[in-house]
Amino acid sequence: MIEQLLIKNVALIENVEIGFNKGLNILSGETGAGKSMVIDSINFLLGERIGKDFIRHGETVASVDGVFSVSNNLAVEAILQMGISIEEDNLIQIHRSVASTGKAVCKVNGKTITVGMLKDISAFLADVHGQHEHQSLLNPAKHIVLLDRFCGDELETIRHELASYIKQYKDAIKEISKISGDKKSRESQIEILNFQKEEIESAKLKLGEEELLQERRLVLASYERLTQSSLDAIEYLYEGDSDELSALDKISKSRNLIQEIGKLDPKMEYLSEGLEHIYTLLDDLTRDLRHYYEALDHDPNELNLIENRLDLIHSLKRKYGGSIQDILNFGDDLANKLDFIKNSEGELKRLTAEKHKCTKEILRVCADISTRRKDAANLIKSQITEILHELGMKHAEFDIVVESKNEFGLNGSDRVEFLISPNPGESLKPLAKIASGGEMSRVMLALKSVLADVDNIETFIFDEIDTGVSGRT
């Protein structure tokens, strides 16, 4: 339950501390005394949004702190799972502040959390009944949520089981959809995939092959230039011409002359050694160049074969990927698809059986949920009718209809709607047919009263609960 509230710089409130006792606590006062500001502060503390005028005029930060004592084990477990420590006294301190710049802070027992986490925690701590909350009863979609709260924590466990089966069911449908078409269309698809697979496999592509082919094509296309340049270089280096010595001959003569210089002047011997090294290196390079020249050949047929091979590679790249690696990967994917489709008949049977199994389990769980809802509805409708009599609707009759739909979802397969007959002789009608706001307020108060006896929430807050209800009631 909520034990203490500290409000700072909220609207008209500068600084106020409020303590609460176990049981009924009433805040009363004239219009403008700040009662609504207290309710707004509690809503803010529990994770609700605020308006622009929430921060007190002239201040930069508004804050609300609350201390709650928690005896609900589910609430304690949920908070511990968020990594928030709880002392032995099971006290929880919530702090929330907002600055004029828009910066907001949420903390629980000193740990900073998100607003979403705060709302998850608050759902276990307090239920705030606002002045216009009874209008939510006009939407039948809200009725199933209220009824499920009456069903207790066991229903939540069963709904988790339902969610698991629905996921398996959807996964099976998704996999079935991948096996598209009938047997004839699958055969046609197999034929196309086989053609693509054989086209790639017959090419016998190798990684790095394209680069080697391009290099070889360049050599063959430049054969005449390569042979002439090699021959000229060999002549300059090794043979010379009628008028000049070759480069090797000139270096040899220079080496001999420098050797004589070295004998006369020892400090110049290093030149002879360097020139000897150059001569040996140049002789080796000339020999390699001669071997290269002698190995050059020109086969026009080889060039045609290379061009055809490169054309094939380029054609496959246009169809299946931008590189040989991409083409090979595409081929692997084709093989996997073919295996999948060829085995699709057996896989389809397995998935269909899985779908039927999940459907059976879903219907079983939905039936269990429906039974629990009907039991809860039968238990509480009489209690609500009795409370309505106490609230001045002496002849009112209340009922809860739980009907099965021809579909299922995370909420099961039920449609839930609250019905009421306010006056004698009137048939039961949906709440939306009730014109009186006072009657709607009474129904909501009755629901809250019964809910308080079965729900795990320890604090119920009513904002102007007597709106639309006579003073005596």
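What follows draws every value from the coordinates through simple rules; no lab data is involved. Quick caveat, the model's predicted, so the values are computed rather than measured. Note that each Cβ is placed from the backbone with ideal geometry, even for glycine, and that neighbours are counted across all protein chains shown.
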Show the residues, 5+ positions off or on another chain, whose built amide H is closer than 5 Å to the amide H of PHE462.
HIS129
Post the alpha-carbon centroid distance, region 94-114 to region 350-400, in whole angstrom.
39
Along Cα→Cβ, 7 Å out, is where each label goes; now give me the distance between the ones at VAL115 and GLU224 in nm to one decimal.
8.1
Based on the alpha-carbon gyration tensor of region 207-280 and its eigenvalue square roots a ≥ b ≥ c, which shape applies: rounded if a/c is under 1.5, prolate if not and a/b is larger than b/c, or oblate?
oblate
Per DSSP H run of at least 4 residues, take -39500 (n - 2.57); add these up for the chain, divide by its residues and hand me the 222 nm value, nearest 500 deg cm²/dmol.
-19000 deg cm²/dmol
Tally Lys and Arg at +1 and Asp and Glu at -1 over the other residues with C-beta under 14 Å from the C-beta of ARG159: what net charge comes out?
-3
In sequence order, what are the phi-derived ³J(HN,Hα) couplings for region 85-101 according to the Karplus relation 6.51 cos²θ - 1.76 cosθ + 1.60 with θ = phi - 60°, rounded to whole Hz, with x for glycine and proline?
7, 10, 6, 4, 7, 6, 8, 10, 10, 10, 10, 9, 9, 9, 9, 5, 6
For region 137-191, the Cα-Cα pair-distance distribution in 10 Å bins from 0, as whole percents, is 19, 24, 22, 16, 12, 7, 0
Using alpha-carbon pairs under 8 Å, 6+ residues apart, how would you state the relative contact order of the chain in percent?
19
Once both labels are modelled 7 Å past Cα along the beta-carbon direction, what's the THR473-ILE179 spacing in nm?
6.2
Apply the membrane-span-like helix rule to the chain: whole DSSP H runs, Cα extent along the own long axis of at least 24 Å, mean Kyte-Doolittle hydropathy at least -0.5. List the helices found.
247-264, 324-342, 437-454
Theoretical gain in end-to-end length, LEU264 to LEU410 [0.36 nm per residue, Cα-Cα removed]
41.9 nm
Averaged across orientations, what area in nm² does the convex hull of the alpha carbons in region 323-363 project?
3.7
Cα centroid distance between region 310-331 and region 250-306, in Å?
45
Around ALA396, under 13 Å between beta carbons, what's the net of Lys plus Arg minus Asp minus Glu among the other residues?
-2
Total charge of the residues flanking ARG96 in space, meaning their Cβ is under 15 Å from its Cβ, with Lys and Arg +1 and Asp and Glu -1, is +2
Dipole check, region 211-348, charges on Cβ (K,R +1; D,E -1), about Cα centroid: among LEU310, ASN343, THR227 the Cα furthest to the positive pole belongs to ASN343
At 1.567 mPa s and 4 °C, plugging the Kirkwood radius over alpha-carbon pairs of the chain into Stokes-Einstein gives what diffusion coefficient in µm²/s?
40
What's the ranking of 105-114, 415-424 by average number of surrounding C-beta atoms within 10 Å, highest first?
415-424, 105-114
Estimated inter-spin distance, LEU231 and ASN21, nm [label 7 Å along Cα→Cβ]:
12.1
Dipole magnitude of the chain, debye to nearest 20 (Cβ charges: Lys/Arg +1, Asp/Glu -1, about Cα centre):
2640
